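For reference, the structure is listed below as structure tokens.
The values are calculated or read from the model by the stated rules, or taken from the named source; none is laboratory data. As the structure is a computational prediction, the values presented were derived from the model and not from experiment. No Cβ is skipped: glycine too gets one built from the backbone with ideal geometry, and neighbour counts run over all protein chains shown. Keep in mind that these areas ignore ligands, DNA and RNA; they rest on the heavy atoms of the full protein, side chains included. Shrake-Rupley method; radii C 1.70, N 1.55, O 1.52, S 1.80 Å.
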Amino acid sequence: RLVREFVAQNNTSQIKHVIQILSQEFALSQHPHSRKGGLIGLAACSIALGKDSGLYLKELIEPVLTCFNDADSRLRYYACEALYNIVKVARGSVLPHFNVLFDGLSKLAADPDPNVKSGSELLDRLLKDIVTESNHFDLVGFIPLLRERIYSNNQYARQFIISWILVLESVPDINLLDYLPEILDGLFQILGDNSKEIRKMCEVALGEFLKEIKKNPSSVKFAEMANILVIHCQAADDLIQLTAMCWMREFIQLAGRVMLPYSSGILTAVLPCLSYDDRKKNIKEVANVCNQSLMKLVIPEDDEMDEAKQSMTLPAEPISEESLSKPEAASSGRSKLDITALNQPLCFPCSSERIPVTLNLDGIVQVLDCHLHDTSIGMMTRIAVLKWLYHLYIKTPRKMFRHADSLFPILLRTLSDESDEVILKDLEVLAEIASSPAGHTEGHGPSNGSDARPSPVELHVPGRASPLSSSGMKGLECSPSTPTMNSYFYKFMINLLKRFSSERKLLEARGAFIIRQLCLLLNAENIFHSMADILLREEDLKFASTMVHTLNTILLTSSELFQLRNQLKDLKTPESRNLFCCLYRSWCHNPVTTVSLCFLTQNYKHAYDLIQKFGDLEVTVDFLTEVDKLVQLIECPIFTYLRLQLLDVKNNPYLIKALYGLLMLLPQSSAFQLLSHRLQCVPNPELMQTTDSTKSSAGLKRMTASNIDYTELLQHFEKVQNKHLEARHQRAGRAEQLDRRVVL
């Protein structure tokens, strides 16, 4: 009644005096009953003031908010009730004081007393109604408080925060999307709450934001939120990870190349998810879409940017989801990297205009390299990493070749992977490195073995000092010589043989598979030419013999080498003859393979001459086994032409002699019986004689035309075999000494 009288008299000083007495002497008194009375009095003042209460809100609200911290729950309830009445009367006038009201309410939301909590909920609803109705809400001033309160760990406080975010998001005049980078991290934190209700509320809030982002992508600050998503895409909580991954998918597709500067961090988060099992199938599928979408953002123009100006202007075109392929199956596996170091927060405002972007290739390669080194990651992740490397070498070859030296060792080690799919992708990358034209321009890597820079995985080849014929020298000098090969090709061949030498299990289990695939990806002639060149100077004679045997088996049996076999079969061109000479010199490490090469090239007289030399060699069980295998090969479709030539006894006497020579080498075994039966089918030359006088010694004519010095080749064979004999004796001597030491 007193305040109403003062209002009627327009006596503001007396009104302030009454409020001051109620605040200082009662609401802030040490006595609890006085505080209760003061709170009731302040509420009464507000009711009496009516519309004019807005002029005294600061004086009315502050003492009430102070009582929110009172130890007495009943006092806190009275304070809540008093503030409700004050706000109800003032309505929109309280908005300038919204931050302090919100701060106080956020504390009451977590109050342990149910009555206080119930009262705060009534006040909360009233305040939400006022904000919803008003057009003068100060969002800019409110965001810092919201950003601070959103990191609360209390469930009720979190529920309170989410409810307010949902309210603000629903108000048309309030554009909360502009400030989403400020609160996005906190929202993902709340998404991991133990309460299902809070998680559901947070999901709804994030879903509303994502809908808004899809509607208005031009006004979204994608770049400012990229690293936040990267962090939460690696969360241990499945819901957080899936939600963040879905956001990442939309960001990549909507923002396009704006996301490129964050590629390394995105890959850090996405790649491990590709190996998840069916328990995390949803995450794996979304991660796969993210990976493919990001890969499509890299374009050839990224390779043409000037290094000093590491930026270019391109339209940020969104990627349609229809253009993405279906996700691949995967097994579980994860790897962790420090994304902070890889992704510095950069600001790239998204708009429909042209956008400056930077492809952080060094960061991407670092992430891919780390994942390849991590032995714990799953197969699908390794495949994805190799696909990325292949894609980068296709799209940005010039820049990628600067990383070739650092990637080369791990790519070679990956050839020992258990998965054939991984090895295939690895070979594709290595083949691209070895054949890319960018390898010529950059000038990285050696052009031959002797120029190779030392590294832990490199094979050191001694200089060429052996006497060679002119044709043989040509063969060695042109390794490798086709335009599709670059300086890395020969280095690759050297290091691949080194890998086989150090890992004999790899050679036995996957050697043929690897070489056959390389013959499909690269030039088969170059591969055999260069490997023969390197093996010619290999110091480990036992490995050289094993490797030659492997290469010979591939040459004779693989469908991928059909064209190369036909080229060697006739030796019509100087190139084919050079190749034969080069192969022959290395094939001499293994006597039986040398004979099989002569059979393939129809050098039957030379094959017979070689077999004659076998009498001087040490005949071992392994040697006889290889002869046995050669007999089996003669019965295969590859040597059909050779078996048909047995009909022409007159023109192929050395073929028959060579086969009889093999027969004499064999003990009484199944191979002996097989070859013996074949030779019994050779017809009588008299019966096979024809009137065709034009058929002269075709084999001799071909040999004469080939201009190959077979005498020199035979001398080379003897020289190599003497080396092998000496090496065997040395090994036997060392073994005998070791046995003596053991006995002693």
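When the stretch 415-437 is filtered for residues that are open to solvent by less than 10 Å² (accessible area, probe 1.4 Å) and free of Cβ contacts under 8 Å to residues at least 60 places away in the same chain, the ones remaining, listed by number, are 422, 426, 429, 433, 436.
Of the set (1) touching a residue at least 40 places away in the same chain (Cβ under 8 Å); (2) more than 20 Å from residue 663 (Cβ to Cβ), all apply to residue 595 but (2). When 657, 613 are screened for being touching a residue at least 60 places away in the same chain (Cβ under 8 Å), surrounded by 13 or more Cβ atoms within 10 Å (Cβ to Cβ) and either among the charged types (D, E, K, R) or in contact with a strand residue (DSSP E or B) (Cβ under 8 Å, 6 or more places away or on another chain) (or both), only 613 passes.
Evaluation of residue 154 against the conditions (1) closer than 28 Å to residue 69 by Cα; (2) touching a Leu at 6+ places or on another chain (Cβ under 7 Å) shows that the sole unmet condition is (2).
Residue under question is residue 691, and the condition is that it be loosely packed, with under 10 Cβ neighbours inside 10 Å and at pLDDT below 65; does it hold?
For residue 691, the condition - loosely packed, with under 10 Cβ neighbours inside 10 Å and at pLDDT below 65 - is met.
On inspection, residue 8 does not qualify as hydrophobic (A, V, I, L, M, F, W, C), buried (at least 20 other Cβ atoms within 10 Å of the Cβ) and in the same structural domain as residue 96 (by the TED database). For beta carbons closer than 8 Å, sequence separation of 6+ or different chains, a first residue in the stretch 155-174 that is within 20 Å of residue 136 (Cα to Cα) and a second that is surrounded by 18 or more Cβ atoms within 10 Å (Cβ to Cβ) and of a type in the set (Gly, Ala, Ser), the qualifying pairs are 165/205; 166/205; 169/205.
Could you tell me whether residue 50 is at pLDDT below 90, small (Gly, Ala, Ser) and in the same structural domain as residue 96 (by the TED database)?
no
Of all residues in the stretch 621-657, which are hydrophobic (A, V, I, L, M, F, W, C), farther than 20 Å from residue 610 by Cβ and touching a helix residue (DSSP H, G or I) at 6+ places or on another chain (Cβ under 7 Å)?
649
Within the stretch 403-436, the residues that satisfy the criterion of being more than 18 Å from residue 490 (Cα to Cα) and in contact with an Asp or Glu (Cβ under 8 Å, 6 or more places away or on another chain) are 414, 416, 417, 423. Residues that are in a helix (DSSP H, G or I), of a type in the set (Asp, Glu) and within 47 Å of the chain's Cα centre (by Cα) occur in the stretch 552-572; there is at least one. The residues of the stretch 502-542 that are touching a Ser or Thr at 6+ places or on another chain (Cβ under 9 Å), touching a residue at least 12 places away in the same chain (Cβ under 8 Å), within 20 Å of residue 626 (Cβ to Cβ) and surrounded by fewer than 19 Cβ atoms within 10 Å (Cβ to Cβ), listed by number, are 504, 512, 540.
Restricting 92, 54, 119, 141 to residues that are part of a helix (DSSP H, G or I) and within 23 Å of residue 11 (Cα to Cα) narrows the list to 54.
Counting only residues that are surrounded by fewer than 22 Cβ atoms within 10 Å (Cβ to Cβ) and either in a helix (DSSP H, G or I) or not hydroxyl-bearing (Ser, Thr, Tyr) (or both), the stretch 373-392 holds 7 of them.
Within the stretch 169-203, the set of residues being surrounded by 19 or more Cβ atoms within 10 Å (Cβ to Cβ) and over 38 Å from the mean Cα position of the chain (by Cα) comprises just one member, 174. Candidates in the stretch 384-396 are the residues that are among the β-branched types (Val, Ile, Thr) and in contact with a Leu (Cβ under 8 Å, 6 or more places away or on another chain); of these, the one that is farthest from residue 289 (Cα to Cα) is 396. Taken as a whole, the structure places residue 678 among residues that are more than 24 Å from residue 548 (Cα to Cα), open to solvent by 30 Å² or more (accessible area, probe 1.4 Å), modelled with pLDDT of 85 or more and assigned to a helix (DSSP H, G or I).
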